[in-house]
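Worksheet: one structure, shown below.
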Amino acid sequence: MPNPELLAEEIAELREVIRANDGANVATTAFALKVDRLISDFYDDIEELTALRLGDILDLFLIKALYVNRRSRDAETLTYLGRLLERYLQASELSLGPGRGYLPYLTDLLEETAHPSGAYQNAFEAYRKYGDNAMFITGVFPGSLGRRRAPGRMGGAPQVDRQYFITLGRRYYEMAARHDMAEWVRLRSTLERLSRFFEVYAEALNEISDRYVMGIDMQVIADKMLDAFNRYRETRDERHLETARKYAAILRLDARNWPALARLEERAADEGPAYF
């Protein structure tokens, strides 16, 4: 992987381009290719995937899913969602214990959002927090929704399903946007946009969750694996074969079911045994 500092600088340059063109989408072919190249660079060294700051990684994925793929035009909303993801994912890391997974943290978010406690300094912060909860749950953990619930004071269907949290999130963001504090902290337009286009933003987070947060972009990993095989075929350098093995392990591939792997294994037999 290229120097993490240089990679972070290039991500910062993308952010600056977006801010400088706020209100318009300038995701040209060159811009999109640069985003794809940076994501590819991020995966180049599979043993150093955490070398970048979490905020930079999330911003890069948001630029891909929201700005490039969905042609978003609002820089402030992209920034807001980046910091939302960073805050919630870091909090979930702090709450995890051996073998616990995300479930306890997610259960708390579901309960807090469906049944507000009122334990906030003011109504604005409460509305914004509950809107953020709904966005995170709907965007990052859509598969968690579907449990039975008692109807709350916000109304909704008797199922804690995706549509229920979309409706809830829109309503909370709308109430936060209407509060006087929204103007004071300069978030009114962003909160209004989150309310109006809640589902679009949630779908972008679904893509990020599926490909990057809760898993790994297997298409990129597959491409890296085949590139390593090709470099090995050309150079016979064992390091490239070892890199290919590591990518194959991530993909959980069995050489017996992947002819290209089997052939390469046969070619490498004279140099010693190889296992994928």
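Since every read-out is calculated from the coordinates, none of them should be taken as a lab result. Since the structure is predicted, the reported quantities are computational estimates derived from the model, not experimental observations. Here Cβ is always computed from backbone atoms with ideal geometry, including for glycine, and neighbour counts include all displayed protein chains.
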Practice task
Pop a pseudo-label 7 angstrom from the Cα along the beta-carbon direction at both residue 178 and residue 235 and give the gap in nm to one decimal.
Solution key: 6.3 nm
Practice task
First select every other residue whose beta carbon is under 13 angstrom from the beta carbon of residue 140; then total the charges, Lys and Arg +1, Asp and Glu -1.
Solution key: -2
Completion exercise
To the nearest 0.05, the calculated FRET efficiency linking residue 196 and residue 246 through their beta-carbon distance, R0 being 41 Å, is 0.40
Practice task
Go through 16-26, 52-62 and give me the packing order, highest mean Cβ count within 10 Å leading.
Solution key: 52-62, 16-26
Completion exercise
Hits in the range 12-31: amide N under 18 Å from the 7 Å Cα→Cβ extension of residue 53, namely 12-19
